[in-house]
């Protein structure tokens, strides 16, 4: 909630950059899991 209020009141690209970094990290983790053991086995 604090992040939403910060973004709502100010325009700072830092929050957007951090969000993009988190998304890229999540995608990379999923790709590594897929290559090593496969997502089908987990799901």
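Structure above, values below:
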| quantity | calculated |
| --- | --- |
| Some residue of segment 1-18 being modelled with pLDDT of 90 or more and assigned to a helix (DSSP H, G or I) | no |
| Segment 19-43: number of residues that are in a helix (DSSP H, G or I) and at pLDDT below 85 | 4 |
| Pair list, Cβ < 6 Å and 6+ apart or interchain, from segment 1-18 residues that are surrounded by 10 or more Cβ atoms within 10 Å (Cβ to Cβ) to residues that are at pLDDT below 70 and not in a helix (DSSP H, G or I) | none |
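The values are calculated or read from the model by the stated rules, or taken from the named source; none is laboratory data. Note that the coordinates shown come from a computational prediction; the quantities given were computed from them, not determined experimentally. Every residue, glycine as well, gets a Cβ built from its backbone with ideal geometry; the counts of neighbours run over all protein chains shown.
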